[in-house]
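Here is the structure we will look at.
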Amino acid sequence: MSILVFGHSGQVATALRGYGDVIALGRDQADLSDPEACAAAIAQHAPCAVINAAAYTAVDAAEENEVAATVINGAAPGAMARACAARGIPFVHISTDYVFDGSGSQPWCPEDATGPVSAYGRSKLAGEEAVRAAGGISVILRTSWVFSETGTNFVKTMLRLGAERDALNVVADQIGGPTAAADIAATCIAVVEGLISDPARAGTYHYSGAPDVSWAEFARSIMAQAGLATQVTDIPTSAYPTPATRPLNSRLDCRDLETHFGLARPIWRASLATVFNKLQDQSDE
């Protein structure tokens, strides 16, 4: 049994590469800016399932490159989903909390109305719509605030800045669930296995770390676990303007995933400790 993964160096793709039955394709093997090349790769490898862990993730750059972002995040997943549907194999597509407008304070349910407020969010929503239109055995897995010991992410940025500075200002009015890439990868594998045994589980699900916190609270936990004395001061989003609008409410209701797949929300503090251990191992090498 082989699972074809689109993505190779991204956080989730890197974690997925640790599974022995995974074939991970980098950009040189399947360029998402060429959707039909993605479909051709599925035909070539003839896997038992496909996971799309690749995406255009430069949120701010997408504001001026929305067409390119929409090809990669929208058209390419659609081509993958159609290729999988034609072969009757499961397809798992990783999406994002950015498909919502970030209003209110209640966790977003999978069936809630979407309303992205950024080009990145619109491009990811286009991907969701294309996957659903393909009509195959697919799961769209929305997640949020991904972190790991690899790549560029909030945890690594905070560790770097915490080692350089005595104080940091961090946004406190954006709330969400930090989610470790390793946890997302394990969930994707479990979802694939669940779809193979029961295709009726196909649908849209949410998965994020618990409990929900602000970026500032997350930063304080990072400093505390790392033994850094850096003082974190809460600021509003308005004090840290960015080209792309970020959703204020990124809380995700993940109960459906636990009901249908038996997968509970991971405790992000435990996952953060695991990431710290891996970073320490890297520094010792």
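At a glance:
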| read-out | value |
| --- | --- |
| Lone unmet requirement of (1) at pLDDT 95 or above; (2) over 22 Å from the mean Cα position of the chain (by Cα); (3) open to solvent by 60 Å² or more (accessible area, probe 1.4 Å); (4) not β-branched (Val, Ile, Thr) for Met223 | (3) |
| Per-region count, the range 243-264, residues more than 16 Å from Val99 (Cα to Cα) and not basic (Lys, Arg) | 10 |
| Residue that is nearest to Ala181 (Cα to Cα), among those in the range 1-10 that are open to solvent by 20 Å² or more (accessible area, probe 1.4 Å) and within 16 Å of the chain's Cα centre (by Cα) | Gly10 |
| Failed condition for Leu125, given (1) open to solvent by 10 Å² or more (accessible area, probe 1.4 Å); (2) outside any helix (DSSP H, G or I); (3) touching a Ser or Thr at 6+ places or on another chain (Cβ under 6 Å) | (2) |
| Checklist (1) crowded, with 17+ Cβ neighbours inside 10 Å; (2) at pLDDT 95 or above applied to Leu279, failing item | (2) |
| Which listed residue, of Asp101, Asp97, Asp60, is in contact (Cβ under 8 Å) with a residue 40 or more places away in the chain, among the acidic types (Asp, Glu) and buried (at least 23 other Cβ atoms within 10 Å of the Cβ) | Asp97 |
| Residue ID - nearest to Ala13 (Cα to Cα), chosen from residues in the range 141-172 that are out of contact with any helix residue (DSSP H, G or I) (no Cβ under 7 Å at 6 or more places or on another chain) and of a type in the set (Gly, Ala, Ser) | Ala163 |
| Any hit, the range 165-181, residues being part of a helix (DSSP H, G or I) and β-branched (Val, Ile, Thr) | no |
| Single match in Pro77, Pro90, Pro107 (criterion: open to solvent by 20 Å² or more (accessible area, probe 1.4 Å), of a type outside the set (A, V, I, L, M, F, W, C) and either modelled with pLDDT of 95 or more or within 21 Å of Ala244 (Cα to Cα) (or both)) | Pro107 |
| Members of the range 142-152 found to be outside any strand (DSSP E or B) and not polar (S, T, N, Q), listed by number | Trp145, Glu149, Gly151 |
| Total residues in the range 249-271, condition buried (at least 20 other Cβ atoms within 10 Å of the Cβ) and more than 25 Å from Val139 (Cβ to Cβ) | 0 |
| Exclusive hit being part of a strand (DSSP E or B), out of contact with any His (no Cβ under 8 Å at 6 or more places or on another chain) and among the β-branched types (Val, Ile, Thr), set Val155, Val92, Val139 | Val92 |
| Residue check for Ala13: more than 19 Å from the chain's Cα centre (by Cα) and either buried (at least 23 other Cβ atoms within 10 Å of the Cβ) or of a type in the set (Gly, Ala, Ser) (or both) | no |
| Flag if Ala244 is in a loop (DSSP other than H, G, I, E, B), modelled with pLDDT of 95 or more and within 22 Å of Gly162 (Cβ to Cβ) | no |
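For (1) in a strand (DSSP E or B); (2) surrounded by fewer than 21 Cβ atoms within 10 Å (Cβ to Cβ); (3) of a type in the set (S, T, N, Q), each residue gets a yes or a no:
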{"site": "Tyr19", "(1), (2), (3)": "no, yes, no"}
{"site": "Ser33", "(1), (2), (3)": "no, yes, yes"}
{"site": "Val50", "(1), (2), (3)": "yes, no, no"}
{"site": "Ala81", "(1), (2), (3)": "no, no, no"}
{"site": "Cys84", "(1), (2), (3)": "no, no, no"}
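The values are calculated or read from the model by the stated rules, or taken from the named source; none is laboratory data. Worth saying up front: this structure is predicted, and the values here are computed from it rather than measured. Note that we place each Cβ from the backbone using ideal geometry, even for glycine, and neighbour counts take in every protein chain shown. The protein model used for the area step is the full one, side chains on, heavy atoms only, and it has no ligands, DNA or RNA in it. Shrake-Rupley method; radii C 1.70, N 1.55, O 1.52, S 1.80 Å.
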